[in-house]
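The values are calculated or read from the model by the stated rules, or taken from the named source; none is laboratory data. Just so it is clear, the structure is predicted and the values come from calculations on it, not from any experiment. All Cβ positions, glycine included, derive from the backbone under ideal geometry; neighbour counts span all protein chains shown. Ligands, DNA and RNA are stripped out before the accessible areas are found, and what is left, the full protein with its side chains, is counted by its heavy atoms. Shrake-Rupley method; radii C 1.70, N 1.55, O 1.52, S 1.80 Å.
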Amino acid sequence: MSVPDEDRPTTGAGQPAPDGGEGPAGRRRSGLRNPTAAVRGLGAGTLALEALVLLLAIQPIRVVGGDLSGAAIAVIVALAVACVVLAGMMRRTWAWHAGTVVQALLLLSGLLHWSLFGLGVIFALVWAYALHVRRVILG
């Protein structure tokens, strides 16, 4: 699909810049039609996947890992609900900060069960990557 000439960045001579070139104000174009929505989808997808994994991890932790208290299960469910709520609110800039807090809380919940710390490390790394992609794409 071609981009209309009025939407393409131009060189100093008024000629269209090649695709992937510098955009307005010297910023590199990402190539995405709507980079904000793409980044928002990445954050929402990450949080939704985290909620699903947390909920599905309850039974295997109970069976294999042994002693999973009611408080630990309540914390897992609360974190999963927080992830789902934040996934729906990714339009707000504070939701990215709240997502970081959720990752820290998941790491902290490792005090209740060691496997929650393992999940916290994994999702903290995934969230850090999502934040990196957000910074690269949106600047």
Output needed for the range 66-139: three equivalent-ellipsoid semi-axes, defined as square roots of 5 times the C-alpha gyration tensor eigenvalues, in descending order, whole Å. 25, 14, 7
Please find the FRET efficiency linking Ala78 to Val133, where r is the Cβ-Cβ separation and R0 is fixed at 25 Å, and quote it to the nearest 0.05. 0.40
Roughly how many nanometres apart are two label points built 7 Å out from the Cα toward the Cβ at Asp67 and Arg92? 3.9 nm
Which value, in Å² and to the nearest 10, is the accessible area of Trp94 when all protein chains are kept and the probe is 1.4 Å? 120 Å²
For the range 74-139, which trypsin sites (Lys or Arg not before Pro) are in a loop by DSSP, counting at most 16 other Cβ atoms within 10 Å? Arg91, Arg92
A chain fully extended from Leu52 to Asn34 at 0.36 nm per residue, minus the present Cα-Cα distance, gains in nm 3.8 nm
Accessible area (Å², per residue) of the range 35-139, counting only protein heavy atoms and a probe of 1.4 Å: 54 Å²
What accessible area, in Å² to the nearest ten, does a 1.4 Å probe give for Val75? 50 Å²
